[in-house]
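The structure appears below as structure tokens.
A short reminder: the numbers here are calculations on the coordinates, not readings from a lab. Predicted, not measured: the structure shown is a model, and the values here were computed from it.
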């Protein structure tokens with residue numbers, strides 16, 4: 001089985017968010033895909049199989065399959081347009097979140113994703129205890145979005161992973177107005193056995209709709225302030241968000257099974 005590792009939402013290796021991408025002709029057993037994912041020990045491993053003119057794409061975390069992943073989708077589109085079908089400038093994926101398209105525009109990849117509806121929820125002492133600072137607002141979509149008072153409250157915290165597990169939502173995102181960007185953020189996923197997701201595409205399907213409303217714009221420029229760091233841009237349209245970023249190839253390998 002051919003596997004690539006791609007650093008997404010960056011133009012250089014050792015930054016952005018690494019995703020493993022396994023390109024296959026047919027589906028292996030689900031148990032095997034989970035074992036490969038755990039062996040890789042990255043936040044996501046993508047598995048992709050051709051299906052007519054489209055591709056069927058699934059994403060696995062060390063804690064199980066997930067319904068939406070941005071950086072691994074970008075990484076998969078990068079692999080397909082570079083190694084599998086270099087004539088393509090648009091790739092369509094059938095996924096658990098419906099049909100997703102990725103358009104290649106030079107070195108930039110543009111992902112057409114659903115935007116999550118955000119329901120305001122009360123700020124709680126449990127949020128403050130988990131994050132080390134009290135949010136000023138909180139919202140729940142698939143994930144919990146915590147709006148912090150300052151960029152320093154996003155960058156300078158080391159959340160309590162055990163207490164994050166007690167909060168609502170699949171992932172927990174913190175965000176604030178940025179000094180050099182429209183917003184900064186970090187993303188945590190201990191429920192998926194991922195302490196921190198370095199640059200989270202699906203998280204920005206929560207983060208960008210919030211900031212687009214607050215800033216009164218349909219375009220948002222963000223920075224995920226993890227240790228690796230990564231830039232991600234968003235455009236809101238018709239209940240969806242276009243995420244755009246670059247990618248860099250870290251490795252290509254052959255997985256030997258059995």
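Over the chain, the ratio between the Cα radius of gyration and 2.2 N^0.38 Å evaluates to 0.96.
Over the chain, dividing the summed -39,500 (n - 2.57) contributions of all DSSP H runs of at least 4 residues by the number of residues returns a 222 nm mean residue ellipticity of -5500 deg cm²/dmol. In the chain, the DSSP beta bridges split such that about 85 percent are antiparallel, to the nearest 5. Mean-square fluctuations from a GNM of the chain, with a 10 angstrom spring cutoff on Cα atoms, peak among 109, 14, 60 at 14. The angle between the Cα long axis of helix 70-79 and the main principal axis of the chain comes to about 30°, on a 0 to 90 degree scale. Cα-based Rg of the range 119-233 per 2.2 N^0.38 Å, rounded to two decimals? This ratio for the range 119-233 stands at 0.94.
May I ask for the angle, rounded to the nearest 10°, between helix 201-215 and the longest principal axis of the chain, with both axes built from Cα atoms and the value confined to 0 to 90°? Approximately 40 degrees, to the nearest 10.
Could you work out how far helix 30-40 tilts from the main Cα principal axis of the chain, as a 0 to 90 degree angle to the nearest 10? Its long axis makes an angle of about 70 degrees. Take every Cα pair under 8 Å whose residues are at least 6 apart in sequence, average their separation, divide by the length of the range 119-233, and the relative contact order is 20 percent.
Dividing the mean sequence gap of close Cα pairs (under 8 Å, 6+ apart) by how many residues the range 174-258 holds gives a relative contact order of 22 percent. Computed on the chain, with alpha-carbon pairs under 8 angstrom and 6+ residues apart, the relative contact order is 22 percent. For the options 15, 248, 126, a Gaussian network treatment of the chain with springs between C-alpha atoms closer than 10 Å singles out 126 as fluctuating the most.
When the chain is treated as a GNM with alpha-carbon contacts under 10 Å, the residue of 142, 227, 177 showing the greatest mean-square fluctuation is 227. Of the beta bridges in the range 119-233, as assigned by DSSP with both residues counted there, near 70 percent are antiparallel.
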